[in-house]
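Structure incoming, see below.
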Amino acid sequence: MYGWIWRHLPGNTWVKALLSLLLALAAVYVLFQYVFPWAEPLLPFGDATVDEQ
Amino acid sequence: MAVVEHDRRGGDTGAHRPDGRRRPTRGPVASLVSFLGELLMTAGVVLGLFVVYSLWWTNLLADRAADRESDRVREQWEQEIEGAGVPGKLDTKDGIGFLHVPAMDDDQILVKKGTDPKVLDDGAAGYYTDPVRATLPTSGKNGNFSLAAHRDGHGAKFHNIHKIHEGDPVVFESKDRWYVYKVFEILPSTSKFDVGVLEKVPEKSGRKKPGKYITLTTCTPMYTSEHRYIVWGELVRVEPVDDRRTPPAEIRGS
């Protein structure tokens, strides 16, 4: 999977490395901004209240 | 120099190819195993990032939101105290005051209405509106001022709740009064369905008579929300706020 991405990135090794870094950062951004906020209420780590459910 | 051109066992000989152009030849099994391995590593990294998100990033966001809203509440109070004619109400988002708990060595904790994630995730403590409605101290009535806040992440305002001991002060600051409570009972672990702890007379605390109580609830053990940690206090004194908002003796110098 990562090998495939690496082979399909354009440019020499340095350009590929830079693009890989940007892709990784984009992935982290999407996770922090959208995926984790969505997943968090579904996981049993953050409830602080007592309730009847 | 002998270069292995073609490895029929399916090993990855493509990693150090001199020309860097030809695709490595791999058996289907090796490809699948390699792909699964990458998926597992990715899952590990994502879970690690989730920990970073939960315990660090959400705190940053929540503290920023809470600071902003706290400033707004204080500004609103100043306006109300200075001029009788209020020049346009600020949106204080139901912020009603601040909690000061020296034993938790926190700063002020903004108190807002409700215990929805929306409220608590902004780094505030929320007073219960459901399943048992909290009695606000400002109402002057007997009842239970029940509050919830996060133990971890989202500001983690009750993170150090285990540092509170019996006899410690818990002070609620409203626009014009300091409400000084004294902790008299701690329940280190109870079921998350134990709504009885919120009752107007929380009998689990040992008190059977109506009075002015405060209840802090959060999750325990740390980093999970398997159970709930409860701290009960009782009102001992109400002090008016002076011009300089001098805090009561209990929280001075904290």
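The values are calculated or read from the model by the stated rules, or taken from the named source; none is laboratory data. Bear in mind that the values here come from a model prediction, so they are computed numbers and not experimental data. So basically every Cβ, Gly included, is an ideal-geometry build from the backbone, and we count neighbours across all protein chains shown.
Looking only at segment B:209-220, which residues are away from every other protein chain (no Cβ under 11 Å) and either free of Cβ contacts under 8 Å to residues at least 12 places away in the same chain or buried (at least 22 other Cβ atoms within 10 Å of the Cβ) (or both)?
If the condition is that a residue be away from every other protein chain (no Cβ under 11 Å) and either free of Cβ contacts under 8 Å to residues at least 12 places away in the same chain or buried (at least 22 other Cβ atoms within 10 Å of the Cβ) (or both), then B:209, B:213, B:214 are the ones that fit.
So, in segment B:135-156, how many residues would count as being part of a loop (DSSP other than H, G, I, E, B), within 25 Å of residue B:67 (Cα to Cα) and either among the polar types (S, T, N, Q) or without any contact (Cβ under 8 Å) to a residue 60 or more places away in the chain (or both)? Lay out the reasoning, then the answer.
Here is the first cut: in segment B:135-156, the residues part of a loop (DSSP other than H, G, I, E, B) are B:135-136, B:140-142, B:149-156.
With the extra rule that they be within 25 Å of residue B:67 (Cα to Cα), the set shrinks to B:136, B:149-156.
After this cut, where a residue has to be either among the polar types (S, T, N, Q) or without any contact (Cβ under 8 Å) to a residue 60 or more places away in the chain (or both) as well, the list is B:136.
Within segment B:135-156, residues that are part of a loop (DSSP other than H, G, I, E, B), within 25 Å of residue B:67 (Cα to Cα) and either among the polar types (S, T, N, Q) or without any contact (Cβ under 8 Å) to a residue 60 or more places away in the chain (or both) number 1.
Of A:46, A:3, A:11, which residue is surrounded by 15 or more Cβ atoms within 10 Å (Cβ to Cβ), in contact with a helix residue (DSSP H, G or I) (Cβ under 9 Å, 6 or more places away or on another chain) and more than 7 Å from chain B (Cβ to nearest Cβ)?
A:3
Next question. Name the residues in segment B:118-134 that are in a loop (DSSP other than H, G, I, E, B) and not polar (S, T, N, Q), would you? Before the answer, list the steps.
Of the residues in segment B:118-134, the ones in a loop (DSSP other than H, G, I, E, B) are B:121-124, B:128-134.
Those that are in a loop (DSSP other than H, G, I, E, B) and not polar (S, T, N, Q): B:121, B:122, B:123, B:124, B:128, B:130, B:131, B:132, B:133, B:134.
Separate question: May I ask you to list pairs of residues, at least six apart or on different chains, whose Cβ atoms are under 8 Å apart, with the first in segment B:159-179 being farther than 16 Å from residue B:213 by Cα and at pLDDT below 95 and the second being of a type in the set (Phe, Trp, Tyr) and not in a strand (DSSP E or B)?
B:175/B:77
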